[in-house]
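Everything on this sheet refers to the single structure shown next.
Quick note: the coordinates plus some simple rules give every number you see, no bench work behind them. All of these numbers come straight from a predicted model, not from anything done at the bench. Here the Cβ positions follow ideal geometry from the backbone for every residue, glycine too, while neighbour counts run over all protein chains shown.
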Amino acid sequence: MLKIENLTKVYDDGTVALKDVSFTVEEGEFLIVIGLSGSGKSTLLRCINRLIDPTEGKITWNDIDITEASEGELRRIRRGIGMIFQQFNLVDRSSVMTNVLTGRCGYVNPLWSLINYFPRKDRERAHTALERVGIREKASNRADALSGGQKQRVGIARALMQDPKMLLADEPVASLDPVLAHTILGYLEKLNQEDKITVVCSLHYLDLVQRYATRVIGLREGRIIYEGSQEEIRRLTDEQFKQIYGEEAQRMSVGPEGIS
Amino acid sequence: MTDLEATLPRKRSFLQSFLSLLVPGLGQAIAGAYSRGLAILTTIATFTGLTIWTAAQRPRFPDYGLTTRAFLLLLLETAAILIFIAALHYIVRRTIAKKPTTQAAAQTVFIVLAILVIALIQQPLLDTILSEENQSMVYGLTLVFGAALTAAIWLWNVSDAGWVRRDYAPSMNALIFLGIAALIVLGSRVTQVDLPKAIREYRDTEIILQRIVWPWESAFVYEENNVVAEARIQAPCPPGATGPEVNEPREDEPWVIVTPTCGDLSERDTQGNIDFGTELDIRGGGFVPDQTVNLRWQNPIGNAFKPRGFGDAEFPASEEGTFETKLFIPDATISSTAQGDQIHTLIAIQTGEREFTGQLSNDMKLALQQMLVTIMMGMMATLVGVVLSVPLSFLSARNLMSSIKSTLQAFVGGVFGLVLGGWLGSIIAARISASYGGLEAMPLLTFALNLIFILGGALLLYRLAGTGLEWLGQRALPEIVAHLITIIGLAVVGAAIGYLLGIAFARGVFSITSTPEFVELMSPRTGAIGAAIGAIFMAYYGFRRQPFDEITTGNFIYVFVRVTLNIIRSIEPLIWAVIGIIWVGPGPFAGFIALTIHTIAALGKLYSEAIESIDPGPIEAVQSTGADRLQTIVYAVVPQILPPFIAFTIYRWDINVRLSTIIGLVGGGGIGFLLIQWIRLFQYEQAGIAVWLITITVAALDFVSAEIRGRFV
C-alpha cells in the first residue's frame, strides 16, 4: 500500500508544484492521475521514487518510509518500482538489449557495470520481457532505430526487468498516436491484472481514463481537486470532466472498438 | 508597440541632436537608449584617441597639446566640409538628380568629392602644423581621413540622436560602415602597414624563399666526382724554418707542387692596399685535359676561400692535363693566439658531375627523427591528457555534480575527515616508503603510494566523518549541540580558507610593490584578518541555516574544478612550455608537459560541456531502476557522450601535433627546435626541409582526423 501524506514540493525557483497532497493507493489498483500540463502530475510521480526530493510530507510504501530512505535503502526501494516515461528515455545509442538490461541495475553489483556485464539469468529474463511486449526480434537493434510505439514497449520491458511491485507511468502515451495508446495501456492493464502490479499513471484523455482506471485523482495547481472510483469516472460526462480538468479536456476519437 | 507604429514618420528631436553635438551619445542616452549612447561615445572617443596617437607617433612631434588643438581644428574643418558637401548633395538630389539611377550616381560622385576635397583642403593645414616633408604625406593623410571619419561619425550621431526614442532605434549601419573605415585607416598606421616597402624589399626574400621552397638538394647525399690535389705551405715563415716537404709528381692521380713551401703572408692595410707576400710557383698534373682548374686557399683552421687578386686562381688545364701558374700567398688571417707552425693548404680542384646516391643526408635524417619525436610528443600529450581530463570533466559537469548533496552537518564532518584522512594517509605513505628507501630509490612507487593513501584516506574519512557526524547529530545529540557543532565547524573551515586567501593576498599583491621582508611581515597579519573574516562569515551562515539543511556540495567541486581549468586553459601552451623548460630543461619532455597541461584543461572543458548537453531523460530512467552513481554514468551518460568525446579527442590530437611543432621554437624539443636552430644559423635549405616535413605532417593529419571524425559522429 502506497500512502502519501501532506506532500508538498516547492522548487528552488519558488514554483509550488504540489501543495498538501494526501492519498493512498491500494495494492493492485490502476490509479490514473489527471490534470493539465503543469498541474504537478510529473512531480507527484517523481516524488514517489524520489527522482525529485519532496519539500515536505511523507511517502510510505508497505510501511517503508521512502522520504527518509538513505542512498542504499533508496536503491532497494527504487528497484521495486518500475517507471515509464512520456519521452521513453531510452539511451538511443545503446542496443535494445542493453536498454532492457539496465532494468536490472538495482540487483547486480555496480562494479560489474564497468565491464558491461549482466548475469546469464538476467539476459534470459530480458529476452522474456521483450517477448512479452512483442519485440523480441529487435533485441540487437539500436534503440534510436525503433518507432515510438516500439520504444515505449522497450521502456515497459525495462521496467519489467525490475520485477516491480508498482509501476509509475508518466504520460506513457502522450507521444504516441491513438491506436498505439491503446496497445501500450493494454500492456499496462495486463500487467496490472495478471501480475498484480500496482499502476500509478498520469493521462490526458477522458476515454482512456474511463477505459483503464480503477480509481482517478484530479490535480490542479498542485492540489487534489477530484477523487473518483471506477464507477464514478465511468458515469462522468464531458461537461463534468471539463469542470474538473479545465477547458482543454479532450476525448480521443479512436477507441479500441473503433480500430477493430 | 505594433509594427505599424514603428513605420510611422516621426518628429525629429532637436534638443537630443543638440545634446549629442555637445557630447556624443548624450542625446541617445536622454532618449533612453543608454547602451547605444555609450557605444557611440566610446566609438568617437576611441577614434579621436587613435587619431591623436597616430599624430603623436611622429618622433619630432612630441607636443600633445598642439596635436589636440590641431586635431580639434581638423575635426571642425572637416565637419564643416562634410556638412557643406552634404548640403550640396541634398540640393542636387532635390533639383537635378531626381531619378533613382542618377541619385545613386550623384551619391557616388559626392562621396568621391568629399574625400578629394578633404584631402586637398586639409593637407596644407597639416603641412604647416607638421612641417616634415617625408612622412607628413603618409601620417598627414591618415590623420586627415581619421579626423574626417571621426567627424562623420560625430555628425551621424547628431542626426541619429534626433530620431532615437525609448521604443524606437534607427539602423546603425552607417555607424558600423564608418567605424570599419576608420579602423582600417587608423589601424594600418598603428600596425605600421607599409605596402610599398613590402614590394620594394621582396627581392631579398626571394633567395631565401627559393631555398625553403625547394630544399631537397640538401636532403640527399651527392657523390662529388671532383679531381683534387693538395699541397702544404707554411706561412708566416719564421727564421730557420724550411716548411713542409715539397710534393713529387705522381703517376695515376692528380698532383700539385708548390715552391717554396715556406713564405710570408700578404698584408692588407685599412685602406685596402695590399702588401704582397711571397710569390709561389705552382705546377700541377694528372687533371682532366682542357677543363677549368680552380685554386682554393685553406688556412690553418680549415677555412677555404678563392684567393682573388693574388694571381690567376681559375684557368684551364693543358691538353696533357697539366698547368703552371704563380700566386702570391694571400692575406689569410691567422689567429693572434695561434702557436707553432702555421700550415696552409693550397687546393687545386676540377669540379666534376655531382652524382645522386639516393642516400638521405644527415640533416634529412635528423629532421625525420625529430619529426617523429614531435608527432609522438603530440600523441603522448593527447593520450595522457585524455586519461586525466575525463575524470575532471565529470567533476566539472554541472548536471552530474548538482545532484551531489549533503546536509550541512555531514559537510562539516566531511571536511574535517578530508583533511584528517589526507594527513593520516601521507603519514602512512611516508612510513611505507621509508622502508624501501623512499623517493630516491623508487620514485614512481612512492608517488603512487602517496597518491593512493592521501586520496584514499581523505575520501574514506570524508565519508566516515560525514555520515558519522550526521548520525550523531540526528540520533544522539540534542539539536542545539548539533547546531553548535555545525557553526563552530563552519567557522573553522571559513577561518582556514580565509587564512590561506589572506596569505595569498599578501604574497600576490605586496610582492609587486614591496620588499620580501615586508611581505614576510605582513602575510601573517593579512592571514589573521582573512581568517577572522572567514570565520565570522561562515559562522553567521551556519547560524542562519539548520544543521540538517541540504547543501549542494557538488556545486562547490564543480565551481572549483571549472575555475581552475579555465585559468589553466587561458595560459597559452607556449607559456607552459617555458615553465616546462625551467622545470625539466629544454627537450621533448618539456614540450610534453606543456601540451599535456593545456590538453587536460581544454579537453576537460569540452568534455564537460558535452556532458552538460546530454539528454537528462535516460539518466532519470536508469536512476529510477535503482542504479547507483557508477551504473548511471556507465549506462546513461557514457553512451551519450561517446561520439562528442571521440570527436573532441581527435580534434585535440590534431591541435597538439600542430602545437608541438611550434613549442619546439621556444625550446620544447622536436622539429621546431631544429627549425629555429637552422633559421638562426641561416641554413635555409635545412630549415626548408623542416618546414616541408611539418607541412606534410599537418596536412596528412588534417585529412586523417577529418576522416576519423566523419566516421564516428
Pair residue B:121, residue B:356: separation of 7 Å Cα→Cβ label points (nm)
7.0
Value of [θ]222 nm, deg cm²/dmol, for chain B, DSSP H segments ≥ 4, -39500 (n - 2.57) each, nearest 500
-22000 deg cm²/dmol
Under DSSP loop assignment and at most 16 Cβ neighbours within 10 Å, longest GluC sites (Glu not before Pro)-free interval of chain B:
B:354-713
Listed by chain and number, the residues whose amide H is under 5 Å from that of residue B:360, excluding neighbours fewer than 5 places away on the same chain and using placed H, are B:221
In percent, how large is the relative contact order of the range A:120-236, given Cα pairs closer than 8 Å and 6 or more residues apart?
19
Select from B:249, B:449, A:134 the residue farthest towards the positive end of the dipole of the protein assembly as shown; place +1 on Cβ of Lys and Arg, -1 on Cβ of Asp and Glu, and compute about the Cα centre.
A:134
Any idea how far apart residue B:296 and residue B:21 come out in nm if each label point goes 7 Å out from Cα toward Cβ?
8.2
Filtered hits (lysines, Cα-Cα < 19 Å from residue A:151, offset >= 8 within chain) -> A:138, A:190
Which residues' amide hydrogens lie under 5 Å from the amide hydrogen of residue A:219, considering only partners 5 or more residues apart or on another chain, with H built in the peptide plane?
A:34, A:35, A:225
Report, in debye and to the nearest 20, how large the dipole of the protein assembly as shown comes out about its Cα centre when Lys and Arg carry +1 and Asp and Glu carry -1 on their Cβ.
4480
Distance between Cα centroids, the range B:628-684 to the range B:522-586: provide it in whole Å.
28
Averaged over peptide A:78-84, how many Cβ atoms belonging to another chain are found within 10 Å of each residue's Cβ?
3
Roughly speaking, what is the stretch gain from residue B:320 to residue B:445, that is 0.36 nm per residue apart minus the C-alpha to C-alpha distance, in nm to one decimal?
37.2 nm
Rounded to the nearest 10, the angle in degrees between the Cα long axis of helix B:173-190 and the longest principal axis of the Cα atoms of chain B comes to 40
Give me the percent relative contact order of chain A, please, defined on Cα pairs under 8 angstrom at least 6 residues apart.
26
Rounded to whole angstrom, the alpha-carbon centroid of the range B:370-446 lies from that of the range A:3-47 at a distance of 43
For residue B:72 and residue B:368, FRET efficiency with R0 = 51 Å and r from the beta-carbon atoms, rounded to 0.05?
0.20
Counting lysine pairs in chain B that sit 8 or more positions apart or on different chains, with Cα atoms under 28 Å apart, gives 4
Using just the Cα positions, wrap the protein assembly as shown in a convex hull and report its mean projected area in square nanometres, one decimal place.
70.9
Run the dipole for the range A:1-49 about the Cα centre, Lys and Arg Cβ at +1, Asp and Glu Cβ at -1, nothing else charged, and hand back the magnitude in debye, nearest 20.
140
Positive dipole terminus of the protein assembly as shown, leading residue within B:159, B:183, B:681 (C-beta point charges):
B:159
Measure nothing but the geometry: give the 0 to 90° angle between the long axis through the Cα atoms of B:362-395 and the longest principal axis through the Cα atoms of chain B, rounded to 10°.
10
Which of B:511, B:624, A:94, B:570 comes first, and how do the rest follow, when ranked by fewest Cβ neighbours within 10 Å?
B:570, B:511, A:94, B:624
At R0 = 41 Å the Cβ-Cβ FRET efficiency linking residue A:144 and residue B:680, nearest 0.05, sits at 0.10
Residue B:705: net charge of surrounding residues, Cβ under 14 Å, Lys/Arg +1, Asp/Glu -1, itself excluded?
+1
What is the order of B:344, B:89, fewest Cβ neighbours within 10 Å to most?
B:89, B:344
Arranged by the count of other C-beta atoms within 10 angstrom, fewest first, what order do B:297, B:692 take?
B:692, B:297
So, with +1 on the Cβ of K and R and -1 on the Cβ of D and E, and no other charges, what is the size of the charge dipole of chain B about its Cα centre, to the nearest 20 debye?
5160
Taking Lys and Arg as +1 and Asp and Glu as -1, residues besides residue A:220 with C-beta under 11 Å from its C-beta add up to +2
Kirkwood hydrodynamic radius, the range B:180-306, all distinct C-alpha pairs: what's the number in Å?
20.6
So what's Rg/Rh here for chain B, counting alpha carbon atoms and using the Kirkwood radius for Rh?
1.12
